[in-house]
Amino acid sequence: MRIAVCPGSFDPITLGHLDIIRRAAKLFDQVIVLVSINAAKNSCSFTREERLHLIEKAIVGMENVRVDSTDGLLADYLRDAHACAIVKGLRAVSDFEYEFQMSLANKRLNPDAETIFFTAAAENMYLSSSIVKQIASFGGDISEFVPGCILEEIKERLCQKRPGE
Ligand code: PNS
């Protein structure tokens, strides 16, 4: 059984994330979408429960995909879950240095942890949770960026808050 982990903040999940998850699900027996803590980010707009809930809804129908969360190191989670790979999407060269560093650190912490990078789909190259949040906070249309089944929930939460308010 080959298990892969797709880790991230998912604050919130976007169509870019979902594309990577869907592609990973074709290559691995099981994929765990792992809501993890990014120590470099001060706070999240969505609670952990909200992020898990949104991902649950977004992956409906993907039989070999499930959601989990951790407060700990990704390298440790992989070991505990008997997962063999970390799957991440690369959007641009600017992602590379950070992801390369993370991949080496994870390998050092867990020598069995292989990181596999998927090239982001061309239409998702610029897409990020931060961009989605920023557009939504100004009342912009985010329907092309997030899964349709969670669009209203995301809008409701994000349209209430504008940066600096
Ligand atoms: O979506 P993000 O914020 O870019 O995801 C980054 C994340 C959460 C995957 C990364 O920060 C992470 O792996 N956090 C878990 C804690 C950990 O293992 N950190 C050290 C990695 S070297």
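The values are calculated or read from the model by the stated rules, or taken from the named source; none is laboratory data. Predicted model only: the values in this text are computed from it and were never measured. Neighbour counts are summed over all protein chains in view; Cβ atoms, including those assigned to glycine, are modelled from backbone coordinates with ideal geometry. Just so you know, the surface numbers come from the protein's heavy atoms only, side chains and all, with ligands and any DNA or RNA stripped out. Shrake-Rupley method; radii C 1.70, N 1.55, O 1.52, S 1.80 Å.
Note on the chain: helix-only mean residue ellipticity at 222 nm, from DSSP H runs of 4+ residues weighted -39500 (n - 2.57) and normalised by residue number, equals -12500 deg cm²/dmol. Out of the total accessible area of the chain (probe 1.4 Å, heavy atoms of protein only), what percent is carbon and sulfur? Carbon and sulfur: 53 percent of the exposed surface of the chain.
Heavy-atom accessible area for THR119, with the other protein chains in place and a 1.4 Å probe, reaches approximately 90 Å².
Computing FRET efficiency as 1/(1 + (r/R0)^6) for ARG108 and SER128, where r is the C-beta to C-beta distance and R0 is 22 Å, gives about 0.25.
Exposure check, 1.4 Å probe, all protein chains in place: CYS84 carries approximately 40 Å² of accessible surface.
Looking at the P(r) of the chain, how many percent of alpha-carbon pairs lie beyond 30 Å? The share of Cα pairs beyond 30 Å in the chain comes to 13 percent.
For the range 110-145, backbone nitrogen atoms closer than 19 Å to the point 7 Å from LEU73 Cα along Cα-to-C-beta are found at 110-116. Spin-label model, ARG22 to VAL60: label points 7 Å out along the Cα-to-beta-carbon direction sit 1.6 nm apart. A 1.4 Å probe over all protein chains sorts LEU54, LEU109 by accessible area into LEU109, LEU54, starting with the largest. Given a 1.4 Å probe and the protein chains as shown, GLU97 ends up with an accessible area of around 140 Å².
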